[in-house]
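Only one structure is covered here, and it is reproduced in the block below.
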Amino acid sequence: MDAELQQAADQFIETLQNNDTIAQFRSAREAFDNDAELHELRSRYGALVEEFQQKQADGTLTQEDINELRGLQQKVNAHPTATAMIQAQNDVQGVLGDCNAALSNTLGFDFAATAAPAAAC
């Protein structure tokens, strides 16, 4: 990468690092990763999904099982740390979408689509 492009990239990165929405996302992500209660709920949910799938495969799944899974899913989705993370993620996607639009407009092609890895078959 030439020096001018590197300098522009460094300035872009610094601007993003100082953006309030990015900072809020980082904070929400850290809280999400470190919330023991949410981690336990998500672990229980993952184990219950596996149990659900096994029961579904062997024909022993009951309405009670379905209700239990739905109830736990609702607890996970309603957890304040999870909802804060989802909101922060939505907000940061907006900022990154704006960045992509600005870069794409300047370059004359969709920057993010071009930079994304090729889809596998």
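Tabulated values for the structure
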| quantity | calculated |
| --- | --- |
| Some residue of segment 49-56 being outside any helix (DSSP H, G or I), β-branched (Val, Ile, Thr) and farther than 30 Å from ALA112 by Cβ | no |
| Any chance LEU61 is over 21 Å from ASN90 (Cβ atoms), surrounded by 12 or more Cβ atoms within 10 Å (Cβ to Cβ), hydrophobic (A, V, I, L, M, F, W, C) and in contact (Cβ under 8 Å) with a residue 12 or more places away in the chain | no |
| Residues (assigned to a helix (DSSP H, G or I) and closer than 26 Å to GLN24 by Cβ) located in segment 57-84 | GLN73, GLN74, LYS75, VAL76, ASN77, ALA78, PRO80, THR81, ALA82, THR83, ALA84 |
| All positions within segment 97-121 that are under 22 Å from GLN11 (Cβ atoms), outside any loop (DSSP other than H, G, I, E, B) and either free of Cβ contacts under 8 Å to residues at least 12 places away in the same chain or β-branched (Val, Ile, Thr) (or both) | GLY97, ASP98, ALA101, ALA102, LEU103, SER104, ASN105, THR106, LEU107, PHE111, THR114, ALA115 |
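Read-outs: derived from the displayed coordinates by stated rules, not from any lab. As the structure is a computational prediction, the values presented were derived from the model and not from experiment. Ideal geometry is used to build each Cβ from the backbone, glycine not excepted, and the neighbour counts take in all protein chains shown.
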